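The values are calculated or read from the model by the stated rules, or taken from the named source; none is laboratory data. Quick caveat: nothing in here was measured; it's all calculated off a predicted structure. Positions of Cβ are backbone-derived with ideal geometry, glycine not excepted, and every protein chain shown enters the neighbour counts.
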């Protein structure tokens, strides 16, 4: 049975095909200040599995290290980033150019477009779409329909980030949380007094305190306030 996330990604995939894009992916990079263990590694959700082979290559060859599109977006650039147009307007090195040559010449992804959709306390997110449109048709799309696709990308992000199941999945992929920790955290961010946790979860106050202390030490001795800040931004 399809999850809400899968349904949302499928509908987005169907919509972008109307613009001549065959597939794409949603990417989230957690804020390293809040989640140092994540090491700025992107969490990717494909709109469909058609381009999983390219993304596997991208990861295996560590292309992210020289991905000028990704780093421009990550550094705060807010406008949509058509790969080849950006390569022509920026002084990119041969190694950086190779990052967009690989998908074009090895995987038949003729054009790509990355749209930043979020950068806040939680981290950074973008939507990337792939197209086999010729350069002239792709330029025509940019002139006529880029705003509509940007709205679609932002709508996808808003839908995913309003889904508690998706947000829980994100947090669980950033940091490893066992079922007991999850119960303690949910009580913590509910605003109810910790001394009442046993009434709501069956976990004693003393044990819950130990769970919190152990988790904080495991993740760089973060303070309780930092933990609440991080959890709150994800789940509220």
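Take the conditions at pLDDT 85 or above and either not assigned by TED's automatic domain parsing to the domain that holds residue 41 or not in a helix (DSSP H, G or I) (or both) and apply them to residue 213. Does it pass? For residue 213, the condition - at pLDDT 85 or above and either not assigned by TED's automatic domain parsing to the domain that holds residue 41 or not in a helix (DSSP H, G or I) (or both) - is met. Residues in segment 46-105 that are in a helix (DSSP H, G or I), touching a strand residue (DSSP E or B) at 6+ places or on another chain (Cβ under 6 Å) and modelled with pLDDT under 90: 50, 51, 74. Right, residue 60: over 17 Å from residue 22 (Cα atoms) and without any contact (Cβ under 8 Å) to a residue 40 or more places away in the chain or not? For residue 60, the condition - over 17 Å from residue 22 (Cα atoms) and without any contact (Cβ under 8 Å) to a residue 40 or more places away in the chain - is met. For first residues located in segment 189-202 and outside the structural domain of residue 164 (by TED's automatic domain parsing), partners that are surrounded by fewer than 11 Cβ atoms within 10 Å (Cβ to Cβ) and lie 6+ apart or on another chain with Cβ distances below 8 Å form the pairs 189/236. Here the condition is being assigned to a loop (DSSP other than H, G, I, E, B) and surrounded by 14 or more Cβ atoms within 10 Å (Cβ to Cβ); of 197, 189, 203, it holds for 203 alone.
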